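This report concerns only the one structure given below.
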Amino acid sequence: MRVTPFVPPGGAMRPDDEHPLLTALIAGLEVLAHDFDVVDLAQHLVDACPPLTGGADAGLFLADHRRDLQLMASTSEEPDLLELLQVEALDGPGRHTFRTGAPTVVADLARTNHRWPEFCQRAMDFGYRAACALPLRARGGSVGALTILTATPGGPDPAALRAGQALADLAGLGITARVALPRLDDLTAHLPAVLRTRIVIEQAKGVLAERGGLDMAEAFRRLRAHAHRTGRRLAEVAAAVVDGTEDTDPFLD
């Protein structure tokens, strides 16, 4: 993968300049260098996406063994966004990008609502005006999609799309590395185990939310923070919360 260097307005980038894309990629590579969770990597990349691309929100999907898209991470736990992304997984730009392996740009949702009517209408109802989807590329194929939603028509510019694709490619590489199988067909067959991680994390979020009177976003933040603080995998901590072997008081203090 070749990332085109970013040149800030007014001059060339100096070695000591802070570049958001470089920072996000380095942080992602730090995750890859350790025993990581796919969900944790996906969340890191999704959180980095809006400031790099000018998007308002983003969602990252992974395909299961039936080639159905499953949501792995999103910039918000708001029900409206999660509902919209679930619609997109069935019939929307992300689904189309996964099938074709090529980016899909919807510059104006109002003018494209004949193609994905339910997705476009719901997106506009929730305040979005454009969308694009980028493939999660791995070993000559695609294992999912990264969707970027923007609040103004036009969508990301070419530089922003390159930044988004860099994040999507890192996600694809990370998933491939986690499953560690030689062929894309082998990878697809083993993805259900990866997707189950997300289910366990959702269950753990529910436990913390109920016990601490938290919303789901705050429960997830605390779950991730505890995993990072203790140097453990997110899936391991989530499973322990769900089966009752983890003391939840430290999460709720």
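The values are calculated or read from the model by the stated rules, or taken from the named source; none is laboratory data. Please read these numbers as outputs of a predicted model, since none were measured by experiment. All Cβ positions, glycine included, derive from the backbone under ideal geometry; neighbour counts span all protein chains shown.
The single condition among (1) farther than 14 Å from LEU134 by Cβ; (2) not in a loop (DSSP other than H, G, I, E, B) that ALA58 does not satisfy is (1).
Annotation: ALA107 fulfils all but one of (1) farther than 25 Å from HIS19 by Cβ; (2) hydrophobic (A, V, I, L, M, F, W, C); (3) touching an Asp or Glu at 6+ places or on another chain (Cβ under 9 Å); the unmet one is (3). If PRO51 passes every condition in (1) more than 16 Å from ARG129 (Cβ to Cβ); (2) part of a helix (DSSP H, G or I); (3) touching an Asp or Glu at 6+ places or on another chain (Cβ under 7 Å) but one, which one does it miss? So PRO51 meets the others, but not (3). One residue stands out among those in the range 224-237 that are touching a helix residue (DSSP H, G or I) at 6+ places or on another chain (Cβ under 6 Å) and without any contact (Cβ under 8 Å) to a residue 40 or more places away in the chain: the one that is surrounded by the fewest Cβ atoms within 10 Å (Cβ to Cβ), which is HIS226. Scanning the range 233-253 for residues that are within 18 Å of ALA217 (Cα to Cα), part of a loop (DSSP other than H, G, I, E, B) and modelled with pLDDT under 85 yields a count of 1.
Taking the residues in the range 121-166 that are within 17 Å of the chain's Cα centre (by Cα) and in a helix (DSSP H, G or I) as candidates, determine which candidate is surrounded by the most Cβ atoms within 10 Å (Cβ to Cβ). Among residues in the range 121-166 that are within 17 Å of the chain's Cα centre (by Cα) and in a helix (DSSP H, G or I), the one surrounded by the most Cβ atoms within 10 Å (Cβ to Cβ) is GLY164.
Which one of these is outside the structural domain of GLU77 (by TED's automatic domain parsing) and more than 17 Å from SER76 (Cβ to Cβ): LEU208, LEU214? Step through it out loud before you land on a result.
Working: LEU214 fails: more than 17 Å from SER76 (Cβ to Cβ).
Answer to the check: LEU208.
In the range 68-83 there is no residue matching the filter, namely being part of a loop (DSSP other than H, G, I, E, B) and surrounded by 24 or more Cβ atoms within 10 Å (Cβ to Cβ).
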